């Protein structure tokens, strides 16, 4: 692990996570007595905080992410709040909800994202970024593959130009398999959140005892239903998840309306909890 992860800040090590449902932790209900200390979802950020706390026992952690948030909302609300905490490390993941909407422009989103990263870096901390995943294995969502790839190119360029840590979800091949996701096909399974945390720790240089990689053969066997069964599952998914999502868009409401951050202030991580 790099000794410079939380340097040169003289304050106690601190980690702030901002974003949408991905960072809030949907749908990871595993170990709800985990480091967030709250009744709700855990997710990769809470799990990463536990890994960091194992190395930095005095770590303080905040998670400002709220499901359904668009990038402009993250930038307007969460970025200033995170910057005010002057964390040694801040993660930002956003734009996925924008990409799902018609007419979203990856170039415009990237400009907004780049400005947010600059604002966060101005406090002196390090920044952790995430690309979008590859939706090639998902009906409907794979139609957005080109738009996601274009946005990812911008994110990689931002990470390179601004010397940010980058977790490349697109290259994590196990995430291409439906078995790695919740039934809604939008949010990670608890196991996938755990593996993303391990991958993030690897990127940060934090030692871990497990490998995030899934053997190719094991992934391919998770979910390969025959054609008819697959179409039935697609129809069920469209009824249970896609239709309600479209209905919310038409009504101008979000799944995160009325919700606040699960961990809005920096708090100590005691005791560290295993992922």
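The values are calculated or read from the model by the stated rules, or taken from the named source; none is laboratory data. From a predicted model like this one, the values you see are computed outputs, not experimental measurements. Ideal geometry is used to build each Cβ from the backbone, glycine not excepted, and the neighbour counts take in all protein chains shown.
Within region 23-40, can one find any residue that is at pLDDT 95 or above, crowded, with 19+ Cβ neighbours inside 10 Å and not in a loop (DSSP other than H, G, I, E, B)? Yes, region 23-40 contains a residue that is at pLDDT 95 or above, crowded, with 19+ Cβ neighbours inside 10 Å and not in a loop (DSSP other than H, G, I, E, B). Pick from 242, 250: which is modelled with pLDDT under 80, closer than 30 Å to residue 102 by Cβ, part of a helix (DSSP H, G or I) and within 22 Å of the chain's Cα centre (by Cα)? Sole residue among the options that is modelled with pLDDT under 80, closer than 30 Å to residue 102 by Cβ, part of a helix (DSSP H, G or I) and within 22 Å of the chain's Cα centre (by Cα): 242.
State yes or no: is residue 49 crowded, with 19+ Cβ neighbours inside 10 Å, modelled with pLDDT of 95 or more and in contact with a strand residue (DSSP E or B) (Cβ under 9 Å, 6 or more places away or on another chain)? When the stated conditions are applied, residue 49 passes them.
Regarding residue 56, is this residue crowded, with 19+ Cβ neighbours inside 10 Å, more than 14 Å from residue 262 (Cβ to Cβ) and modelled with pLDDT under 95?
On the way: crowded, with 19+ Cβ neighbours inside 10 Å: yes; more than 14 Å from residue 262 (Cβ to Cβ): yes; modelled with pLDDT under 95: yes.
Yes.
Reported count of residues in region 180-191, each being closer than 13 Å to residue 130 by Cβ and assigned to a helix (DSSP H, G or I), is 0.
Residue-by-condition table, conditions (1) over 18 Å from the mean Cα position of the chain (by Cα); (2) at pLDDT 95 or above:
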position: 176; (1), (2): no, no
position: 181; (1), (2): no, no
position: 188; (1), (2): no, no
position: 196; (1), (2): no, yes
position: 201; (1), (2): no, yes
position: 207; (1), (2): yes, no
position: 213; (1), (2): no, no
position: 217; (1), (2): yes, no
